[in-house]
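Note sheet for the following structure.
The values are calculated or read from the model by the stated rules, or taken from the named source; none is laboratory data. Predicted model, so just to flag it, every value in this text is computed and none were measured. We place every Cβ from the backbone using ideal geometry, glycine too, and count neighbours over all the protein chains shown.
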Amino acid sequence: MKTLKMFSEFRKLTVKTKQVKYNGIIYTRHKNPDGSVGGFVAKTASVEKTVTIKEHALVFGNARVYGNAQVSGNALVYGNALVYGNAWVYGDARVYGNARVYGDALVYGNALVYGDARVYGDEITTILKTIQVFGHCISITAKYVFCGCEEWTHAQARKMTYEKSQAKEYMTKKQFTILKKAVLEIIKY
């Protein structure tokens, strides 16, 4: 078994390399449902047999990928992240922390989905921006704003008030005002 010294070395491995060790953790190539050799999955992570993990994608940490989900390109899924349903994470996208990507969501490009962000549904979704304000992770797509378990369209976010949101349960009115100002600055384009 080959021992890697740097994370970037994963990209240099051929499909003939079936197992490697990195930082004391064993990574094994995933066998995709179509029989092809997939990307590496850490022994600490969980990936179902129904999932497709393409050659250069990586799943590690305590991440779980299940259902008919796909992870491809140079995408990384790690931390305590969950990707499931028919979700597809690809390109140079990263899903990590306690983030969840599910349903028929597509996360791609250089998107970063992290913290407690949730991306779901049946839309092609690319995260335009992810910000963290007062410990709350806010992901902004072309149509939606996600904060924890709350979801708003851009129009709803513009009209959102402290009194009508669930935010009053976990932040002060001043914090909400700062958060809303940051979100509105991003979605004005």
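How many residues are in contact with a Cys (Cβ under 9 Å, 6 or more places away or on another chain) and of a type in the set (Gly, Ala, Ser) if we restrict to region 132-156?
Within region 132-156, residues that are in contact with a Cys (Cβ under 9 Å, 6 or more places away or on another chain) and of a type in the set (Gly, Ala, Ser) number 2.
Results for (1) within 27 Å of SER72 (Cβ to Cβ); (2) assigned by TED's automatic domain parsing to the domain that holds GLY97; (3) modelled with pLDDT of 80 or more; (4) in contact with an Asp or Glu (Cβ under 9 Å, 6 or more places away or on another chain), shown as yes or no for each residue.
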{"position": "TYR120", "(1), (2), (3), (4)": "yes, yes, yes, yes"}
{"position": "SER139", "(1), (2), (3), (4)": "yes, no, no, no"}
{"position": "ALA142", "(1), (2), (3), (4)": "yes, no, no, yes"}
{"position": "LYS168", "(1), (2), (3), (4)": "no, no, no, no"}
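Exactly one condition in (1) among the small types (Gly, Ala, Ser); (2) in a loop (DSSP other than H, G, I, E, B); (3) modelled with pLDDT under 90 is not met by GLY85; state its number.
Of everything listed in (1) among the small types (Gly, Ala, Ser); (2) in a loop (DSSP other than H, G, I, E, B); (3) modelled with pLDDT under 90, GLY85 misses just condition (3).
Name the residue that is surrounded by the most Cβ atoms within 10 Å (Cβ to Cβ), counting only residues in region 50-72 that are modelled with pLDDT of 95 or more and hydroxyl-bearing (Ser, Thr, Tyr).
Among residues in region 50-72 that are modelled with pLDDT of 95 or more and hydroxyl-bearing (Ser, Thr, Tyr), the one surrounded by the most Cβ atoms within 10 Å (Cβ to Cβ) is THR52.
Residues that are touching a Pro at 6+ places or on another chain (Cβ under 7 Å) and in contact (Cβ under 8 Å) with a residue 12 or more places away in the chain: does region 53-75 have at least one?
No, there is no match, as no residue in region 53-75 is touching a Pro at 6+ places or on another chain (Cβ under 7 Å) and in contact (Cβ under 8 Å) with a residue 12 or more places away in the chain.
Please work out if GLY38 is buried (at least 20 other Cβ atoms within 10 Å of the Cβ) and either at pLDDT 95 or above or not in a loop (DSSP other than H, G, I, E, B) (or both).
Spelling it out, GLY38 is indeed buried (at least 20 other Cβ atoms within 10 Å of the Cβ) and either at pLDDT 95 or above or not in a loop (DSSP other than H, G, I, E, B) (or both).
Looking for whichever is assigned by TED's automatic domain parsing to the domain that holds VAL101, in contact with a His (Cβ under 7 Å, 6 or more places away or on another chain) and not acidic (Asp, Glu) here; the options are VAL51, VAL47, VAL59. Which one fits?
Numbers: VAL51 fails: in contact with a His (Cβ under 7 Å, 6 or more places away or on another chain); VAL59 fails: in contact with a His (Cβ under 7 Å, 6 or more places away or on another chain).
VAL47 is the lone residue from the list that is assigned by TED's automatic domain parsing to the domain that holds VAL101, in contact with a His (Cβ under 7 Å, 6 or more places away or on another chain) and not acidic (Asp, Glu).
Being within 15 Å of the chain's Cα centre (by Cα) and not in a loop (DSSP other than H, G, I, E, B) is the filter; apply it to region 146-166 and report the residue that is nearest to VAL107 (Cα to Cα).
PHE146
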